[in-house]
Amino acid sequence: MQVETHELSQDVLPLRAVHHVEIYCGNAKQSAYFYRQAFGFSLVGYLGPETGVRDRVSYALQQDKVRFVLTTPLLDDGIIPFLSRHGDSVRDIALETSDTELCFRTTVERGAKPVAEPHVIEDANGKVKVATVATYGDTVHTFVERLDYAGPFLPGFQSTPEDTLARPVGLKHIDHIVGNVDWNQMDQWVNFYVDVFGFSRFVSFDDNDISTQYSALHSTVVSNHSKWIKFPINEPAKGLKRSQIEEYITFHNGPGVQHVAIETDDIVETISRMRAQGVEFLDIPESYYSDLLDRVGPIDEDLEPLQKLNILVDRDDKGYMLQIFTKPVEDRPTLFIEIIQRKGAESFGKGNFKALFVSIEREQERRGNL
Ligand code: FE2
């Protein structure tokens with residue numbers, strides 16, 4: 001507890017972690033089935049006409065500490081322009097705090113655009129204080145302060161019976177969330193998180209620009225002091241071929257969340273289950289594995305299942321990590337999910353970028369976007 005207080009005291013804002021990620025989607029009922037059956041989330045809460053909300057439906061999904069909310073509009077409101085512009089996409093990276101008022105007041109004073117003033121939402125299960133500010137593109141951050149709430153997700157959500165459709169795969173918590181911003185906009189948004197949120201540039205092994213002929217992106221990571229909230233920010237860079245970030249910006253019609261990385265403590269088991277449940281991952285060339293151990297040194301895992309499942313490995317000065325990336329989780333080549341298992345490493349997989357880009361470029365070529 002003392003450690004937590006100490007760490008929080010280093011921060012400008014009393015933020016704990018990502019509370020949930022809200023995805024606006026065209027058909028939340030069907031998307032919920034996909035995230036339950038393929039990714040293993042359980043349905044824990046529902047909000048819609050049956051609960052007195054007229055203009056939208058939301059499904060709250062949870063797996064350990066990872067919460068996704070899938071929201072679809074029913075009547076014309078602000079969600080519909082978002083959907084027609086971006087397709088299914090992350091709207092809200094909600095952040096858990098002990099003081100919503102302070103977070104809202106401080107960030108707005110420092111230049112954040114207010115979206116919703118602090119207000120209390122409540123139902124029979126208790127109260128939560130929320131407020132919302134804008135970030136890159138049409139993405140927002142809602143501050144979530146639980147007052148005395150003891151319900152399934154947030155006030156207004158009706159709890160649901162035990163989910164017999166969910167097929168859990170061992171996802172534990174959100175590790176990082178990556179934003180793609182437009183050409184030459186990275187510094188502006190890094191500065192936004194530094195100046196407005198009081199975050200620090202996360203000094204890691206990935207820190208230098210990643211602009212080989214394969215990658216064509218610049219990336220800088222910002223985080224809060226405890227490092228429970230980590231946001232890498234990417235911008236496209238000139239490469240030999242069209243940048244994957246550029247493809248995202250084109251099809252997303254502007255900046256937005258590129259991927260959500262979720263941690264597991266047994267990636268071989270998690271990915272075996274996810275593949276069996278129909279999740280598609282990027283293919284990695286066989287050559288990646290032929291000299292893997294020369295590049296990363298000894299690891300605890302057997303090489304064979306890693307190669308079979310196409311799991312990547314990278315090492316930094318703190319340890320190593322295993323990671324894998326899904327193909328986009330919607331028809332537009334936009335949002336995807338990363339699964340990561342950290343074994344000491346604090347970085348984000350720079351050593352894998354070359355192998356990844358070869359794979360991503362192959363996919364881009366299939367889409368005619370290279
Ligand atoms: Fe990542």
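Restricting the search to the range 244-257, which residues are part of a loop (DSSP other than H, G, I, E, B) and crowded, with 22+ Cβ neighbours inside 10 Å?
Within the range 244-257, just P255 meets the criteria.
Would you check if R332 is closer than 24 Å to Y35 by Cα and out of contact with any helix residue (DSSP H, G or I) (no Cβ under 7 Å at 6 or more places or on another chain)?
no
What are the pairs, 6+ residues apart or on separate chains, where a residue within the range 347-369 that is in contact (Cβ under 8 Å) with a residue 60 or more places away in the chain has its Cβ under 6 Å from a residue that is within 15 Å of the ligand (Cβ to nearest atom) and in a helix (DSSP H, G or I)?
That search, which allows pairs on different chains as well, returns I360/Q244.
Could you check F353 against (1) under 18 Å from the mean Cα position of the chain (by Cα); (2) within 15 Å of the ligand (Cβ to nearest atom); (3) open to solvent by 20 Å² or more (accessible area, probe 1.4 Å) and say which number it fails?
(1)
Can V12 be described as touching a Phe, Trp or Tyr at 6+ places or on another chain (Cβ under 9 Å), aliphatic (A, V, I, L, M) and open to solvent by 50 Å² or more (accessible area, probe 1.4 Å)?
Yes, satisfied.
Among the residues of the range 125-136, is any open to solvent by 20 Å² or more (accessible area, probe 1.4 Å), among the small types (G, A, S) and either in contact (Cβ under 8 Å) with a residue 24 or more places away in the chain or closer than 26 Å to V178 by Cβ (or both)?
No, every residue in the range 125-136 fails to be open to solvent by 20 Å² or more (accessible area, probe 1.4 Å), among the small types (G, A, S) and either in contact (Cβ under 8 Å) with a residue 24 or more places away in the chain or closer than 26 Å to V178 by Cβ (or both).
Just for the range 328-348: of the residues that are assigned to a loop (DSSP other than H, G, I, E, B), open to solvent by less than 40 Å² (accessible area, probe 1.4 Å) and not aliphatic (A, V, I, L, M), which one is farthest from the ligand (Cβ to nearest atom)?
Among those that are assigned to a loop (DSSP other than H, G, I, E, B), open to solvent by less than 40 Å² (accessible area, probe 1.4 Å) and not aliphatic (A, V, I, L, M), it is E330.
Step by step: first the residues of the range 316-327, then only those that are within 16 Å of the ligand (Cβ to nearest atom) and without any contact (Cβ under 8 Å) to a residue 60 or more places away in the chain, then the one that is farthest from R242 (Cα to Cα). Which residue is that?
Restricting to residues being within 16 Å of the ligand (Cβ to nearest atom) and without any contact (Cβ under 8 Å) to a residue 60 or more places away in the chain, the top hit is Y320.
Hey, can you tell me all the residues within the range 231-269 that are polar (S, T, N, Q) and either in the same structural domain as H141 (by TED's automatic domain parsing) or away from the ligand (no atom under 16 Å from the Cβ) (or both)?
Matches in the range 231-269: S243, T250, N253.
The values are calculated or read from the model by the stated rules, or taken from the named source; none is laboratory data. Source: prediction; values computed, not measured. Methodologically, a virtual Cβ is constructed for each residue, glycine included, from the backbone with ideal geometry; neighbour enumeration extends over all protein chains shown. Heads up: the accessible areas ignore ligands, DNA and RNA and are worked out on the full protein's heavy atoms, side chains in. Shrake-Rupley method; radii C 1.70, N 1.55, O 1.52, S 1.80 Å.
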